[in-house]
Structure formats: structure tokens, C-alpha cells
Amino acid sequence: MPEISQLPHPDREDIELTAVLFALSDEARLALVRQLAAGPLDMIDCSALGADVPKSTKSHQVKVLREAGVVDSELRGRNRRLTLRRADLDDRFPGLLDAVLATADQP
């Protein structure tokens, strides 16, 4: 039985462009990525997902980002620490993350 704290994350070489683009296509997930660009934070502190959003929806949003290889989710006590996988994304798709984050403010 796999340990619950160890959620699957793709290896750097297994991160696919289509999965990353899909993960970043949602406004809430993109807002979370923008928040994580400033540094890691606990999932409970992710204001980008909204205070009134159900926990199950927040978990799903983070799962999509994690499975696409955009974020790392590490168990910290009873919480999860989220980190943007910037180095992995920059290695696989140079300039993509910077371009997405730079245009996130524009309509």
C-alpha cells in the first residue's frame, strides 16, 4: 500500500507540454502559479484559490498542477507545502513559464 504522503509527481523528463498548458489554462490554477512564483507556501495559505472554494475543489486544482509537473506538493505535518517547479519547467520548456506569468496580468 503506497504511503499517502507520497503523491505521484512526474520526473522532469516526463513533463509534457500539453499537460502543462492544460494545467495553466484555468484562471484559478494560473492564479495559484502566479502566487507560487513568489515562493513556496502551505496549501492552506493559498489565497489564489479563494476562501469560499470547497476543500475538494482546491485539492483538485492542486492535483491537476501536480500531475502536470507544474508544482511539487510535499507533506508537512497535516498540511502540504506547494512549490513551483520552475527549474524543471525552464529546463523542459525554456521561456514558457516566464511568458505565461508575464501575460497573466493582461486581459
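Annotations for the structure displayed:
- Looking across the range 6-24, the residues that are surrounded by fewer than 11 Cβ atoms within 10 Å (Cβ to Cβ) and either of a type outside the set (D, E, K, R) or closer than 14 Å to K63 by Cβ (or both) come down to Q6, P8, T18.
- Enumeration of residues in the range 26-39 that are surrounded by fewer than 11 Cβ atoms within 10 Å (Cβ to Cβ) and either of a type in the set (G, A, S) or touching a Gly at 6+ places or on another chain (Cβ under 6 Å) (or both): A38, G39
- Qualifying positions in the range 52-99 - β-branched (V, I, T) and either open to solvent by less than 30 Å² (accessible area, probe 1.4 Å) or in contact with a Ser or Thr (Cβ under 9 Å, 6 or more places away or on another chain) (or both): V62, V64, V70, V71, T83
- Pairing each residue of the range 20-39 that is among the β-branched types (V, I, T) with any residue that is crowded, with 21+ Cβ neighbours inside 10 Å and not in a helix (DSSP H, G or I), provided the two are 6+ apart or on different chains, yields C-beta distances under 9 Å for V20/G69; V20/V70; V33/V70; V33/V71; V33/L84.
- Pair list, Cβ under 6 Å, 6 or more apart: the range 62-90 residue free of Cβ contacts under 8 Å to residues at least 60 places away in the same chain and assigned to a strand (DSSP E or B), other residue open to solvent by 50 Å² or more (accessible area, probe 1.4 Å) and aliphatic (A, V, I, L, M): N79/I44
The values are calculated or read from the model by the stated rules, or taken from the named source; none is laboratory data. Keep in mind that this is a model prediction, so the values were computed, not measured. Quick reminder, even Gly has a Cβ in these numbers, built from the backbone with ideal geometry, and neighbours come from all protein chains shown. What goes into the accessible areas is simple: the full protein's heavy atoms, side chains included, and nothing from ligands, DNA or RNA. Shrake-Rupley method; radii C 1.70, N 1.55, O 1.52, S 1.80 Å.
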